[in-house]
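Novice: Quick one: this structure, given as structure tokens, is what I'll be asking you about.
Please treat every number below as a calculation from the coordinates, not as lab data. Here the structure is a predicted model, which is why all the values come from computation and not from measurement. For neighbour counting, all protein chains shown are included, and Cβ atoms are generated from backbone atoms with ideal geometry for every residue, glycine included.
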Protein chains: 2
Amino acid sequence: MKIHNFSAGPSILAPEVFQEAAQAVVNFQDTGLSLLEMSHRSKEFDAVLNEAISLVNELLELPDGFKAIFVSGGASTQFALAPMNLLPQNGKAAYINTGTWADKAIKEAKAFGNIDVVASSKEDNYTHIPKNYSVPSDAAFFHITSNNTVFGTQFRNMPETSVPLVVDMSSDIFSYKVDMEKIGLIYAGAQKNMGPAGTTLIVVREDLLGKVDRHIPSMFDYRIHIKKNSAYNTPPVFPIYVSMLNLRWVKKNGGIKAMEARSIARSEMIYSEVDRNPLFRGTTAVEDRSRMNATFVLNEKYQSLENDFLEVCKNAGISGIKGHRSVGGFRASMYNAMELDSVQVLVDVMKDFEERKG
Amino acid sequence: MKIHNFSAGPSILAPEVFQEAAQAVVNFQDTGLSLLEMSHRSKEFDAVLNEAISLVNELLELPDGFKAIFVSGGASTQFALAPMNLLPQNGKAAYINTGTWADKAIKEAKAFGNIDVVASSKEDNYTHIPKNYSVPSDAAFFHITSNNTVFGTQFRNMPETSVPLVVDMSSDIFSYKVDMEKIGLIYAGAQKNMGPAGTTLIVVREDLLGKVDRHIPSMFDYRIHIKKNSAYNTPPVFPIYVSMLNLRWVKKNGGIKAMEARSIARSEMIYSEVDRNPLFRGTTAVEDRSRMNATFVLNEKYQSLENDFLEVCKNAGISGIKGHRSVGGFRASMYNAMELDSVQVLVDVMKDFEERKG
């Protein structure tokens with residue numbers, strides 16, 4: 001049975017990416033060696049790294065002055081490293097609290113300067129993205145989490161501010177075009193739209209670096225990884241390789257424009273059903289709905305059917321649909337590699353459930 | 001043609017490990033999902049993590065009070081994190097400078113306290129391990145690099161000191177029994193004796209933690225990873241999985257006792273030939289020779305033959321034998337998974353080279 005993987009992350013990648021990645025584990029490019037046992041300084045891996053970086057440049061249309069690097073760890077590491085690299089000792093940074101990950105980013109940043117939380121939807125259990133706030137013009141940057149995987153909300157547009165944006169795009173990178181003129185830094189853990197767990201992509205406006213006085217350990221200094229082309233030390237070879245394969249797949253399938261169209265089609269399909277089906281309702285403000293993670297619950301009258309619904313999903317090959325404990329109910333995570341057919345399977349299950357239980 | 005992989009790292013793992021890892025990339029344990037797209041909170045990956053940690057405990061015979069965790073990044077990250085977690089602000093730590101990596105560890109540590117370099121063989125281009133030195137009894141720890149991959153030296157025994165040892169065992173972990181009574185912390189990047197690049201094993205005496213005042217970002221705080229059983233955030237799933245497979249292989253093949261016997265057999269075979277063959281000589285003090293990385297050069301009279309020798313090695317399927325630029329000549333890295341047969345192939349090539357060129 002085909003599994004339809006709606007997992008919030010680590011998450012679905014294209015089947016051909018898995019096939020090619022598996023081949024590299026036993027014999028990489030007919031070298032007779034596994035990619036896992038090859039030097040990270042070999043010409044073969046050097047080519048992988050260069051292609052990965054070049055695909056990032058091409059797909060995101062990075063203007064001059066931006067650098068892309070792959071580092072180890074996840075976005076949680078960048079919660080500390082972004083302010084460590086960008087926020088002067090007595091400087092100020094603005095943050096907006098739109099979910100669990102934004103909240104954690106704020107906590108980690110507080111060790112590095114004055115953190116001004118300009119708005120928060122925490123008291124409403126993060127069901128919407130705050131709208132009316134102002135970002136102080138003396139802030140070194142304004143940090144946002146562009147998509148909130150746990151709660152299923154997403155900034156529809158990057159905010160307009162006079163200061164550079166620092167954006168955690170872990171869960172929606174490569175799914176729509178970003179106006180890079182607004183950006184100071186983007187970081188994205190690989191394991192949703194880009195690749196497997198174990199590497200994080202950083203895209204940074206290089207002129208923002210080198211303005212802090214604090215000591216930065218070499219491994220945490222973006223400038224060192226830029227200078228060494230992501231190979232200052234042994235990088236996470238396999239996660240970077242698989243990310244490269246997936247970026248190739250994104251390019252081959254039409255690039256970011258096509259990925260955006262796919263994400264619109266998928267999310268319209270699921271939200272239409274959530275809104276139509278009398279058994280279910282969405283959990284967030286309609287205008288802030290995420291195209292990557294659709295969160296929905298059973299209406300009060302049907303709440304005792306939660307386990308039944310999970311069971312019928314399982315029987316249809318739908319995996320990873322259980323909602324996060326902070327929201328409950330269900331969450332359909334639909335990252336770049338997900339085909340519309342899989343969303344159709346879920347919608348059909350919802351319709352059938354209505355017919356039998358409604 | 002079979003490739004004999006003498007690469008210094010990332011490096012050889014057992015063929016069955018590559019096969020099983022490749023299978024997991026396409027379909028993990030018949031779940032119909034790739035391991036790369038599965039939640040790190042799934043029961044399947046939870047079992048992987050638990051087995052990996054349990055194998056570390058068993059193979060290293062960790063006494064009570066020690067904890068093993070898998071983190072992201074490499075040993076270079078730990079150059080900063082070990083002192084960040086263990087060295088009080090105005091405290092002192094002792095280091096010994098036995099090679100490139102020890103030197104880097106010292107540089108990173110200096111940001112966190114007073115670093116007393118008790119001995120160094122840097123002026124002799126690290127051809128030996130210093131012997132007569134004393135470690136101050138008020139040091140928080142004594143840091144050593146147990147094996148020096150670049151120069152081919154190794155501590156034959158862990159030093160006797162009154163303070164806990166902090167040991168970078170990236171290149172010789174699981175190759176001999178360590179007296180854990182001497183140990184405060186061991187860190188080891190995976191990509192030599194343990195697995196692929198992308199994760200680092202930390203083994204720490206838990207009572208040494210929590211004694212520093214400085215702010216430690218969550219992702220860099222060993223206590224948080226211990227508390228969250230290496231899953232505070234999304235860990236590097238695939239590198240940890242392959243490390244677990246390789247530790248299973250170590251156990252199945254006799255554990256650390258057998259790995260030590262294998263490493264003695266391999267290193268005796270290559271060094272015997274280096275000492276016998278009039279074309280070659282070793283580059284280090286005989287008593288400090290590494291069992292993992294044998295460094296050797298052509299004698300002066302034959303030095304113009306270096307490229308010839310690399311060529312005949314290549315033709316025999318010998319890969320990764322070129323020495324590091326700081327030493328020149330050749331380096332045969334022989335980690336846990338290397339079979340004696342591969343060393344025999346190298347020795348045969350050396351004998352044949354002597355017959356034809358000597």
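Novice: For the protein assembly as shown, with equal point scatterers placed on the C-alpha atoms only and solvent neglected, what are the log10 I(q)/I(0) values from the Debye formula at q = 0.05, 0.06, 0.07, 0.12 1/Å, to two decimals?
Specialist: Ignoring solvent entirely, the Cα scatterers give -0.26, -0.37, -0.50, -1.33.
Novice: Run the simple label-point estimate for A:D308 and B:E287 please: 7 Å along Cα→C-beta, distance reported in nm.
Specialist: The two pseudo-label positions are separated by 8.0 nm.
Novice: What translational diffusion coefficient, in µm²/s and rounded to a whole number, does the Stokes-Einstein relation yield for the range B:141-214 at 20 °C and a viscosity of 1.002 mPa s, taking the hydrodynamic radius as the Kirkwood radius over Cα pairs?
Specialist: The Stokes-Einstein estimate is 164 µm²/s.
Novice: With a 10 Å Cβ neighbour count serving as the proxy for reagent exposure, in which order, fewest first, do A:M158, B:M338 appear?
Specialist: A:M158, B:M338
Novice: So, one more: If the convex hull of the alpha-carbon atoms of the range A:255-357 is projected onto planes in all directions, what is the mean projected area in square nanometres?
Specialist: Mean shadow area of the hull around the Cα atoms is 6.4 nm².
Novice: So for the protein assembly as shown: antiparallel DSSP bridges make up what percent, rounded to the nearest 5?
Specialist: 55
Novice: Let me know the mean shielding of A:235-247 by other chains, meaning the per-residue number of their Cβ atoms within 10 Å of its Cβ.
Specialist: Mean partner-chain Cβ count within 10 Å for A:235-247: 4.
Novice: What list of ³J(HN,Hα) couplings, whole Hz, do you get for the range B:162-176 from phi and the Karplus terms 6.51, -1.76, 1.60, once you set θ to phi - 60° and write x for glycine and proline?
Specialist: With coefficients 6.51, -1.76 and 1.60, one gets 8, 10, x, 7, 10, 10, 7, 9, 3, 9, 9, 4, 6, 10, 6 Hz.
Novice: If you take every DSSP beta bridge whose two residues both sit in the range B:148-300, what share of them, in percent to the nearest 5, is antiparallel?
Specialist: Counting only bridges with both partners in the range B:148-300, antiparallel ones make up about 70 percent.
Novice: Moving to a separate point now. Give the separation of the Cα centroids, the range A:218-275 to the range A:120-136, in Å.
Specialist: Taking the Cα centre of each part, the range A:218-275 and the range A:120-136 sit 27 Å apart.
Novice: For the protein assembly as shown, what is the charge dipole size about the Cα centre, in debye to the nearest 20, if Lys and Arg each add +1 at the Cβ and Asp and Glu each add -1 at the Cβ?
Specialist: That gives a dipole near 560 debye.
Novice: Still on this model: Quick one: check the C-alpha center-to-center distance for the range B:63-118 versus the range A:71-110, whole angstrom.
Specialist: 25
Novice: Please list, short to long, the whole-number percent of alpha-carbon pairs of the range B:15-252 in consecutive 5 angstrom bins beginning at zero.
Specialist: 1, 6, 14, 18, 19, 15, 11, 7, 4, 2, 1, 0
Novice: Can you put B:W249, A:W101 in order, fewest other beta carbons within 10 Å first?
Specialist: B:W249, A:W101
Novice: Further question: Only Lys, Arg, Asp and Glu count, each charged at its Cβ (+1, +1, -1, -1), so figure out the dipole size of chain B about its Cα centre, rounded to 20 debye.
Specialist: Charge dipole of chain B: 400 debye, to the nearest 20.
Novice: Turning to a different aspect of this structure: For chain B, return all DSSP H helices satisfying: extent of Cα atoms along own axis at least 20 Å; mean Kyte-Doolittle hydropathy at least 0.5.
Specialist: B:237-252
Novice: Looking at this model, which pairs from A:K131/A:K322; A:K2/B:K227; B:K131/B:K351; A:K131/A:K357; B:K43/B:K110; A:K67/B:K314 are more than 31 angstrom apart at the alpha-carbon?
Specialist: Correct reply: A:K2/B:K227; B:K131/B:K351; A:K131/A:K357; B:K43/B:K110; A:K67/B:K314.
Novice: What is the sum of charges around B:L298, taking Lys and Arg as +1, Asp and Glu as -1, for the other residues whose C-beta is under 12 Å from the C-beta of B:L298?
Specialist: That works out to -1.
Novice: To continue, here is another question. Taking the Cβ-Cβ separation of B:K252 and A:L340 as r and a Förster radius of 51 Å, what is the calculated FRET efficiency to the nearest 0.05?
Specialist: 0.65
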